[in-house]
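Read the structure below first, then the notes.
The values are calculated or read from the model by the stated rules, or taken from the named source; none is laboratory data. Owing to the predicted nature of the structure, the values given are computational and were not obtained by experimental measurement. Glycine also receives a Cβ, built like all others from the backbone with ideal geometry; neighbour counts cover every protein chain displayed. Calculation scope for accessible area: heavy atoms of the full protein, side chains included, ligands and nucleic acids excluded. Shrake-Rupley method; radii C 1.70, N 1.55, O 1.52, S 1.80 Å.
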Amino acid sequence: MQVKQKVYELYKGTVERVTGPRIVSAFLEKGVLSVPEFILAGDNLVSKCPTWSWEAGDPSKRKPFLPPDKQFLVTRNVPCLRRAISVEEEYDAAGAEVVLDDDEDGEGWLATHGVHASKPEEEEDIPSMDTLDIGKTEGIKSIPSYFSAGKKDGEEEDDIPDMDTYEDSGNDSATAQPSYFVAEEPEEDNILHTRTYDVSITYDKYYQTPRVWLTGYDESRMPLKPELVFEDISQDHARKTVTIEDHPHLLAGKHASVHPCKHAAVMKKIIDVLMSRGVEPEVDKYLFIFLKFMASVIPTIEYDYTVDFDLGSTSR
């Protein structure tokens, strides 16, 4: 698999070097972005969602077809409170799966945000009034008689000591530590381990679409190993459309990336659906739509894209 991936990267890099970047728009026709359109959509994302920002990256990996200060987009310290597999288990298999794009090989994009599995609530066992045995001749007992219920006649109640007769035992009450003041260490299973991610978006010259990259950290801000990152990716896409590669603009470490080979096809399908409903999407909203369908791949990484915006103009 590694040899195949290296051969593919070599071929892809060669094609990118000998071909120029897209400068003509094919957004509506193919679901792809030209370089100016990527910058336009990135500027709109940054203006609407301040948690996102443009980055220059490492100078040695700078792409000449992009502005020096707008090489890629990034949002940092994004919380990931739960593992993706735990969320998937909470959705009904029938009502939760929506395939956004499917081909004859069955390799479609699966949206994991469905209808939450509903569990029947247990009804409270309330006794019927007809079953209550209430004697008409039985009087209402006094309060002391209820406290002494179950005692036989002639049996004396326990004496309650009088505070006036209480003698100090000599113990220093200030130093005494009641048991309920003793803190016990919580069990490991009850501790919420919060991971965080740096999520970046680059422009893929070969596929002419945005590409998402993930850099994960544990609760101690230590980098996550690649196999742990897969826990936060939808199991329908982990190790299938997500690969571990070098970041195109950063030097240090390996990064998980959602492979862009199907991005244009999915975006084209979404555009077609919107246009069939009388809405013509505007290209500067591309990244908002893109990040929404990316949520099906990384459902528990809570990056910021939830803003009110118009997808485009409505045809009349």
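How much length would be gained if the chain were fully extended between L81 and D43, taking 0.36 nm per residue of separation minus their Cα-Cα distance, in nm to one decimal?
Fully extending the segment from L81 to D43 adds 10.8 nm.
Calculate, for R239 and I23, the FRET efficiency according to 1/(1 + (r/R0)^6) with r their C-beta to C-beta distance and R0 30 Å; round to the nearest 0.05.
0.25
Amide H neighbours of R195 under 5 Å, at least 5 residues apart or on other chains, H built in the peptide plane: list them.
Those qualifying (amide H under 5 Å, at least 5 residues apart or on another chain) are C80.
Using the structure shown, select from K63/K254; K61/K269; K30/K61; K225/K268 the pairs with a Cα to Cα distance greater than 31 angstrom.
K61/K269; K225/K268
Multiply the residue gap between E227 and A252 by 0.36 nm, knock off their C-alpha separation, and tell me the result in nm, one decimal place.
7.2 nm
Under the 0.36 nm per residue contour assumption, what length would be gained going from the current alpha-carbon distance of H259 and M275 to full extension?
Computed gain between H259 and M275 is 3.1 nm.
If I model a spin label as a point 7 Å beyond the Cα along the Cα-Cβ vector, how far apart are those points for V7 and K61 in nm?
Each label point is offset 7 Å from its Cα along the Cβ direction, giving 2.6 nm.
Taking the mean number of other Cβ atoms within 10 Å as a proxy for protection, how do you rank 47-57, 225-235, 201-211 from highest to lowest?
Numbers: 47-57: 16.1, 225-235: 18.2, 201-211: 21.6.
Descending mean neighbour count gives 201-211, 225-235, 47-57.
Solvent-accessible area per residue for segment 23-66 at a 1.4 Å probe radius, Å²?
I get 48 Å² per residue for this part.
So for segment 253-299, Kirkwood radius off the Cα pairs, Stokes-Einstein at 10 °C and 1.306 mPa s: how many µm² s⁻¹?
Using the Kirkwood radius from Cα pairs, D works out to 133 µm²/s.
Where the centroid of each part is defined by its Cα atoms, how far is segment 45-60 from segment 236-263 in Å?
That distance is 19 Å.
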